[in-house]
Amino acid sequence: MFEARLSHFSRASLGDSDLIKAARAARLNAHAEFSHFKVGAALEAADGSIVTGCNVENATYGLTICAERVAMFKALSDGHRQFRRVVVVADTEAPTPPCGACRQILWEFGGDLEVILANLEHETGRHRLSDLLPLPFDARLLK
Ligand SMILES: [Zn+2]
């Protein structure tokens, strides 16, 4: 009965909500002493695990790492190798998409992920990674 009722809702939507909440929570851990621009990310692995990340800034600036890459590297170090979606949350009205470096890393390890953008109130955008990185450089070119 419960299953039947659940089928009236999009399971993806329920999952989106969990992922967005996880990214918002991760954002609170951001170490953004210099930019004060806090970002949270939540990556959904193929087994349903959620791995989060936040941006971590550094006094050299150049060693700063974005939330998306923190999430991906955490997930890889935990043994995950397949992924479905990533959520990126920032406190902006306009969508905050992954930067170029993050697009490359997400593509390399996650493939054509669904990329969901949100702020503290609502979703602000939804894309395929292949739309954000239309002509990627990747391992196929090294063969
Ligand atoms: Zn980035």
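Dividing the mean sequence gap of close Cα pairs (under 8 Å, 6+ apart) by how many residues the chain holds gives a relative contact order of 18 percent.
Each eigenvalue of the Cα gyration tensor of the chain, multiplied by 5 and square-rooted, gives one semi-axis; in descending order these are 25, 20, 14 Å. Averaging Cα coordinates gives a centre for the range 86-143 and one for the range 62-78; these two points are 14 Å apart. Cut-off under 20 Å on the C-alpha distance; same-chain residues fewer than 8 positions from Lys38 excluded. Which aspartates and glutamates are left, in chain and number order? Correct list for Lys38: Asp18, Glu57, Glu68, Asp91, Glu93, Glu121, Glu123.
On the beta carbon distance between His36 and Gln104, with R0 = 25 Å, the FRET formula returns roughly 0.45. Here the peptides 116-124, 81-89 are ranked by packing, the mean other Cβ count within 10 Å, and the order with the highest first is 81-89, 116-124.
3J(HN,Hα) couplings calculated from phi for the range 99-113 with the Karplus curve 6.51 cos²θ - 1.76 cosθ + 1.60 (θ = phi - 60°) are, in sequence order, 6, x, 4, 5, 4, 5, 5, 4, 5, 4, 9, x, x, 7, 5 Hz; Gly and Pro show x. With 0.36 nm allotted per residue and the present C-alpha distance subtracted, the His122-Arg140 stretch has 2.8 nm of extension available.
No value in this document is a laboratory result; all are computed from the given coordinates. Please read all numbers here as calculations on a predicted model, not as lab measurements. Heads up, the Cβs are rebuilt from the backbone with ideal geometry, glycines too, and the neighbour counts pull from every protein chain shown.
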